[in-house]
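The values are calculated or read from the model by the stated rules, or taken from the named source; none is laboratory data. Since the model is a prediction, treat every value here as computed from it, not as a measurement. Virtual Cβ from ideal backbone geometry, glycine too; neighbours counted across all protein chains shown. For the accessible areas, the whole protein counts, side chains as well, though only heavy atoms, and no ligand, DNA or RNA atoms are used. Shrake-Rupley method; radii C 1.70, N 1.55, O 1.52, S 1.80 Å.
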Amino acid sequence: MTEGTRWKFALFIVVLVALHFILRVGLGLGMLAPDLLVVALLLASRRVRPGTAAALGFALGVLEGSANDFVFGHASLALAVVGYLGSRSREWLAGDDPLNMVAFFFAGTLLYYFVLYLSLAIAGQGGSPMALVIPSLLAGIYAAAVGLGASTLYRSVA
C-alpha cells in the first residue's frame, strides 16, 4: 500500500467516524442512524495488526462513551474486542467479495452488541436478552448494507 493510499484510507475512516457523530448526535437521529463506528473499525481492522485494531477500537469506544455516558467504558471494551477479532479474521476471510463483506459487517456488529450487552449485564445495567436480539439483528443488517456501500464507494473513488 502506497503512502498516498494509506492517507486516503485514513481520511475515509475519519469521515466515517465524523459522520457517525454528526448523524447520531448532531442531527439527533440516535439509533436510526447506522453504527458507522463499527463499520469504520471493521474496515480499518482489515488493514492493520490486531493490537493496533484493538487500540483503535478502544479509542473509538472512548469517543462513543463521551457522546453516550450510559455506555462509557463498555463501548471501549466492546469495540476493542471487535477490532482485535476483525483484524484476526483476515486469516480466514480473504478478498473483498461482497458476500464476505456483508457477513463480516453483520457478524462484527452482532459481536459488538453482544459484548456490549454482556459488559452492561455484568455491571448490573443490562436489560432483558430480547433487548439484545431484535435491535442487534436490525443493526447488523443496517451496518452490513452501509458497510458494503461504504467499502464499494471507497474502492470506486480510491
> Do you know which residues across the range 82-97 are open to solvent by less than 50 Å² (accessible area, probe 1.4 Å), over 10 Å from the mean Cα position of the chain (by Cα) and over 21 Å from Leu153 (Cβ atoms)?
Replying inline: Ser87, Ser89
> Which condition number does Glu3 fail, the rest of (1) at pLDDT below 95; (2) open to solvent by 30 Å² or more (accessible area, probe 1.4 Å); (3) within 17 Å of Ala143 (Cα to Cα) being met?
Replying inline: (3)
> Does Leu37 count as touching a His at 6+ places or on another chain (Cβ under 6 Å) and either over 20 Å from Leu138 (Cβ atoms) or open to solvent by less than 10 Å² (accessible area, probe 1.4 Å) (or both)?
Replying inline: yes
>> Anything in the range 115-133 that is closer than 30 Å to Phe12 by Cα and either under 13 Å from the mean Cα position of the chain (by Cα) or free of Cβ contacts under 8 Å to residues at least 12 places away in the same chain (or both)? List them, or say none.
In response: Val115, Leu116
> For the range 98-114, does any single residue satisfy the condition of being touching a His at 6+ places or on another chain (Cβ under 8 Å) and surrounded by 19 or more Cβ atoms within 10 Å (Cβ to Cβ)?
Replying inline: no
>> Looking at Ile122, Ile141, Ile134, can you tell me which residue is of a type in the set (Val, Ile, Thr), within 12 Å of Asp35 (Cβ to Cβ) and open to solvent by 50 Å² or more (accessible area, probe 1.4 Å)?
In response: Ile141
> Since Glu64 meets every condition but one in (1) surrounded by 14 or more Cβ atoms within 10 Å (Cβ to Cβ); (2) within 19 Å of Leu138 (Cα to Cα), which condition does it not meet?
Replying inline: (2)
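Table: residues versus (1) open to solvent by 50 Å² or more (accessible area, probe 1.4 Å); (2) within 15 Å of Ser151 (Cα to Cα); (3) hydroxyl-bearing (Ser, Thr, Tyr).
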{"site": "Ala33", "(1), (2), (3)": "no, no, no"}
{"site": "Leu43", "(1), (2), (3)": "no, yes, no"}
{"site": "Thr52", "(1), (2), (3)": "yes, no, yes"}
{"site": "Phe58", "(1), (2), (3)": "yes, no, no"}
{"site": "Asp69", "(1), (2), (3)": "yes, no, no"}
{"site": "Phe72", "(1), (2), (3)": "yes, no, no"}
